[in-house]
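The values are calculated or read from the model by the stated rules, or taken from the named source; none is laboratory data. What you see is a predicted model, and the numbers here were worked out from it, not measured in a lab. Reconstructed Cβ throughout: ideal geometry from the backbone, glycine too, with neighbour counts over all protein chains shown.
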Amino acid sequence: LAKTTQPISMDSYEGQEVNITCSHNNIATNDYITWYQQFPSQGPRFIIQGYKTKVTNEVASLFIPADRKSSTLSLPRVSLSDTAVYYCLVGSGTYKYIFGTGTRLKVLA
Amino acid sequence: DVKVTQSSRYLVKRTGEKVFLECVQDMDHENMFWYRQDPGLGLRLIYFSYDVKMKEKGDIPEGYSVSREKKERFSLILESASTNQTSMYLCASSPTHRANNSPLHFGNGTRLTVT
């Protein structure tokens with residue numbers, strides 16, 4: 001199973017770009033990389049998913065290098081409402097999703 | 001939008017009680033999951049199900065059982081609640097039998113307190 005490692009916490013200021021990196025050295029050939037966002041008292045919410053190179057949607061970008069042993073979630077111009085916990089997941093190849101402890105992002109005014 | 005509904009947001013139960021946590025999804029998803037979330041430990045998988053009447057143990061199944069009699073409903077059962085089962089419980093579903101690129105859809109959780 002591919003284990004992920006993320007920073008425990010990060011602080012940023014409103015309007016800045018935030019990059020959260022996740023390492024997953026044991027990623028398997030068929031695994032996708034998925035990021036979730038969780039606000040207090042809510043379940044995690046899907047943000048973005050990718051397999052290689054770069055993926056962008058209306059919320060974030062995901063950068064994946066050629067060796068796929070890490071990935072970076074990029075949040076452009078964060079606001080106070082982006083304060084949340086962000087989880088990086090790598091598909092286990094069966095039905096199981098393994099969550100790490102996530103990165104607690106705090107956006108300051 | 002997919003909706004995953006957990007029957008209770010807050011529950012308080014006594015030690016030794018049998019507790020049922022109910023989860024319903026409205027998008028005909030094949031897979032359903034139960035996680036618990038504790039401070040400093042993140043989300044940990046208790047059980048999952050990839051079809052009606054099918055179930056698989058996750059990482060921390062001890063003290064729990066599950067039931068999936070209908071595709072849309074997945075129940076988590078604490079046979080005899082204990083204080084160390086005080087936690088936030090999260091139900092999730094996903095559409096296909098392949099986990100690799102099938103994002104999870106979560107409910108808003110049930111905060112269970114066992115006294």
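Side notes on the structure shown:
- Qualifying residue in the stretch A:83-91 (condition: at pLDDT 90 or above, away from chain B (no Cβ under 13 Å) and not in a strand (DSSP E or B)): yes
- In the stretch A:86-94 there is at least one residue that is surrounded by fewer than 20 Cβ atoms within 10 Å (Cβ to Cβ), touching a residue at least 24 places away in the same chain (Cβ under 8 Å) and not charged (D, E, K, R).
- Contact annotation: residue pairs with Cβ atoms under 7 Å, 6 or more positions apart or on different chains, pairing a residue in the stretch A:39-61 that is more than 9 Å from chain B (Cβ to nearest Cβ) with a partner that is outside any loop (DSSP other than H, G, I, E, B) and loosely packed, with under 15 Cβ neighbours inside 10 Å, are A:S61/A:K54.
- Residues of the stretch A:1-54 that turn out to be farther than 13 Å from A:S71 by Cα, among the charged types (D, E, K, R) and not in a loop (DSSP other than H, G, I, E, B), as a count: 2
- Number of positions in the stretch B:80-96 that are more than 12 Å from chain A (Cβ to nearest Cβ), buried (at least 20 other Cβ atoms within 10 Å of the Cβ) and farther than 17 Å from B:P39 by Cα: 1
A quick yes/no check of all residues on (1) closer than 22 Å to A:I33 by Cβ; (2) β-branched (V, I, T):
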residue: B:Q37; (1), (2): yes, no
residue: B:L43; (1), (2): yes, no
residue: B:K55; (1), (2): no, no
residue: B:V66; (1), (2): no, yes
residue: B:E69; (1), (2): no, no
residue: B:T86; (1), (2): no, yes
residue: B:L90; (1), (2): yes, no
residue: B:S93; (1), (2): yes, no
residue: B:H105; (1), (2): yes, no
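- B:E62 being over 12 Å from the mean Cα position of the chain (by Cα), more than 13 Å from chain A (Cβ to nearest Cβ) and not in a loop (DSSP other than H, G, I, E, B): no
- Filter result for B:S67 (more than 30 Å from A:Y51 (Cα to Cα), of a type in the set (G, A, S) and either over 12 Å from the mean Cα position of the chain (by Cα) or within 12 Å of chain A (Cβ to nearest Cβ) (or both)): no
- Of the residues B:F33, B:F74, B:F20, the single one that is closer than 30 Å to A:I8 by Cβ, part of a strand (DSSP E or B), touching a strand residue (DSSP E or B) at 6+ places or on another chain (Cβ under 8 Å) and of a type in the set (F, W, Y) is B:F33.
- Residue check, B:N108 of a type in the set (S, T, N, Q), outside any loop (DSSP other than H, G, I, E, B), out of contact with any Ser or Thr (no Cβ under 6 Å at 6 or more places or on another chain) and surrounded by fewer than 17 Cβ atoms within 10 Å (Cβ to Cβ): no
- The residue of the stretch A:62-82 that is nearest to A:K106 (Cα to Cα), among those that are touching a residue at least 24 places away in the same chain (Cβ under 8 Å) and assigned to a strand (DSSP E or B), is A:L75.
- In the stretch B:2-11 there is at least one residue matching the filter, namely being more than 24 Å from A:G102 (Cβ to Cβ) and surrounded by 16 or more Cβ atoms within 10 Å (Cβ to Cβ).
- One residue stands out in the stretch B:36-58 among those that are outside any strand (DSSP E or B) and of a type in the set (D, E, K, R): the one that is farthest from A:R104 (Cα to Cα), namely B:K53.
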